[in-house]
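Trainee: Please find one structure pasted underneath; my questions will follow.
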Amino acid sequence: MKKEALIEKLKKIVFPYIQDEDAYKNLSEETQFIRDLKINSANLVDIILDVEDEFDIQIGNEEMEKMTSVQAAMDIITSKLNAS
């Protein structure tokens, strides 16, 4: 999957949980879910579950802990998709 398409899918997934619309409009690979988008940790779990559903993948606990930014999410999703 192309990087741009992956970012667009992630934007749709995180949108219901964001608290900072300006940061959302400028979402990039460097965007941090908690610091930049003001997403709380409970909602971050919801995002991870939504990512699992959207991409039909399973994300382990260690990977969940690392999934704090758009880039980390993209890396995890890409590695899971390439492994299947």
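Trainee: Can you name the number of the only condition in (1) open to solvent by 20 Å² or more (accessible area, probe 1.4 Å); (2) in contact with a helix residue (DSSP H, G or I) (Cβ under 6 Å, 6 or more places away or on another chain) that T78 fails?
Mentor: Result: T78 passes all but (2).
Trainee: Hey, another quick one. How about region 21-35: which of its residues are open to solvent by less than 80 Å² (accessible area, probe 1.4 Å), out of contact with any Asp or Glu (no Cβ under 7 Å at 6 or more places or on another chain) and free of Cβ contacts under 8 Å to residues at least 24 places away in the same chain?
Mentor: Y24
Trainee: Quick check on region 36-49. Is at least one of its residues outside any helix (DSSP H, G or I) and exposed (fewer than 12 other Cβ atoms within 10 Å of the Cβ)?
Mentor: No, the conditions are met nowhere in region 36-49.
Trainee: While we're looking at this one, here's another question. For region 41-68, enumerate the residues that are in contact (Cβ under 8 Å) with a residue 12 or more places away in the chain and over 14 Å from I13 (Cβ atoms).
Mentor: Passing the criteria: Q58, E63, M64, T68.
Trainee: Go through (1) part of a loop (DSSP other than H, G, I, E, B); (2) exposed (fewer than 15 other Cβ atoms within 10 Å of the Cβ); (3) at pLDDT 95 or above and name the single condition M1 misses.
Mentor: Only one criterion is unmet by M1, namely (3).
The values are calculated or read from the model by the stated rules, or taken from the named source; none is laboratory data. These figures come from a predicted structure and were not determined experimentally. Here the Cβ is made from the backbone with ideal geometry for all residues, glycine too, and neighbour counts use every protein chain on show. The accessibility values were calculated without ligands, DNA or RNA, using every heavy atom of the protein model including side chains. Shrake-Rupley method; radii C 1.70, N 1.55, O 1.52, S 1.80 Å.
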